[in-house]
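**Q** My questions will all concern the structure given below.
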Amino acid sequence: MYSYFDEMLAVLQAAATAFGFVYVHPFEDGNGRLHRCLIHHVLTERKFTPPGMVFPVSSVMLDRIDDYHTTLQAHSAPLMPFIDWRPTPERNVEVLNDTADLYRYFDCTDAAEFLYACVRRTVESDLPREIGYLRRHDEAIRRIMDAVEMPDRIAENLVMFIRQNKGTLSKRCRDGEFSKLRDDEVILIEQIVGDAFEGFDEASAPIGGETN
């Protein structure tokens, strides 16, 4: 049986692996993305996340970008006086002295605490909200398709545009992509979307985005 101890070990291993990698910073670009990919990989390999589940912990990390940077700098900044380096023509840096001992046995406490806080928020808040959003979205699509025959892509766009316009389809959309819809059909679809997302917090829509 998967225990709380196993859960803690999975998060600790993910923190040690991923933050250890990003501190070494072996590539010119993409270190941050690979760092977050390693977190997902370790959590999956340790069976922390169920098979096939998209676990949006990296989105939570990016949503807490200031705390994220503080955690990264807590280890790296104190080491800078012990590193000799020079800029390269490619606008990177070349390290001139042996720095292996500075990174081999690093203190992972801050990184582990930060990652665990992000995992906890993901499990207790963001993931349930995202699942709730997807359920409401799928219900709206199903009811729209039952009411008016149309391609899936059109139904998806209708839900998106109606939600973006606070519950109504804009005149520009009605005169453009959705000009074939009758007035009574538009009213019905607006009602369907409104019912599906009634009481839903707009701020709880799925978050995303990716940077280095």
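**Q** I'd like to compare 55-61, 115-121: which one has the highest average count of other Cβ atoms within 10 Å, and what's the full order after that?
**A** Put in order of decreasing packing, that is 55-61, 115-121.
**Q** Report the charge-dipole magnitude of the chain in Debye, nearest 20, computed about the Cα centre from +1 at each Lys and Arg Cβ and -1 at each Asp and Glu Cβ. Provide the component values of the computation, followed by the final result.
**A** Numbers: 23 positive and 36 negative charges, 56 e Å.
The calculation lands at about 260 debye.
**Q** Take the alpha carbon gyration tensor of segment 21-69, find the square roots of its eigenvalues, order them as a ≥ b ≥ c, and report rounded if a/c is under 1.5; if not, report prolate when a/b exceeds b/c, else oblate.
**A** Oblate.
**Q** State the percent of C-alpha pairs, over all pairs in the chain, separated by a distance greater than 28 angstrom.
**A** Numbers: 10860 of 22366 pairs.
More than 28 Å apart: 49 percent of the Cα pairs in the chain.
**Q** Can I ask one more? Give me the aspartates and glutamates in straight-line cross-link reach of LYS47: C-alpha distance below 13 Å, same-chain residues under 8 apart excluded.
**A** ASP6, GLU7
**Q** Contact order normalised by length for segment 127-204, with contacts defined as Cα pairs under 8 Å and 6 or more residues apart; what percent is it?
**A** Reported relative contact order: 41 percent.
**Q** Which Rg and Dmax, in Å, describe the Cα atoms of segment 104-178?
**A** Here Rg and the maximum Cα pair distance are 20.2, 63 Å.
**Q** I need the calculated FRET efficiency for the pair TYR133 and ASP183, taking r as the beta carbon distance and R₀ as 35 Å, to the nearest 0.05.
**A** Efficiency, from the Cβ-Cβ distance: 0.75.
**Q** If you don't mind, another one. Tally Lys and Arg at +1 and Asp and Glu at -1 over the other residues with C-beta under 14 Å from the C-beta of PRO151: what net charge comes out?
**A** For residues surrounding PRO151, the net value is -2.
**Q** What's the extension gain from GLU28 to ALA147 if we count 0.36 nm per residue and subtract their Cα-Cα distance?
**A** 37.6 nm
**Q** Ok, one more. Using only helices, what value at 222 nm comes out for the chain when you add -39,500 (n - 2.57) per DSSP H run of length 4 or more and divide by the total residues, to the nearest 500 deg cm²/dmol?
**A** After summing the helix terms and dividing by the residues of the chain, the value is -18500 deg cm²/dmol.
**Q** Let me ask something additional. Using the C-alpha gyration tensor of segment 62-186, what are the square roots of 5 times its eigenvalues, in whole angstrom, with the largest one first?
**A** 53, 21, 11
**Q** Give me the net charge for the shell around GLU177: Cβ to Cβ below 13 angstrom, other residues only, Lys and Arg +1, Asp and Glu -1.
**A** After counting each charged neighbour, the total is +3.
**Q** Cross-link partners among lysines for LYS180, C-alpha distance below 21 Å, same-chain residues fewer than 8 apart left out?
**A** Here the lysines satisfying the reach criterion relative to LYS180 are LYS171.
**Q** Oh, and also: Ratio of segment 1-89's C-alpha Rg to 2.2 N^0.38 Å, to two decimals? Present the calculation step by step, with values, prior to reporting the outcome.
**A** Details: Rg = 15.3 Å, N = 89, 2.2 N^0.38 = 12.1 Å.
Against the empirical 2.2 N^0.38 Å value, I get 1.26 for segment 1-89.
**Q** Could you check the spin-label model distance between ALA100 and LYS166? Points 7 Å from the Cα along Cα→Cβ, value in nm.
**A** For the pair ALA100/LYS166, the computed spacing is 6.3 nm.
Laboratory data are not the source of any read-out in this text; all were calculated from the coordinates shown. Computed from a predicted model, the values in this text were never measured in an experiment. We place every Cβ from the backbone using ideal geometry, glycine too, and count neighbours over all the protein chains shown.
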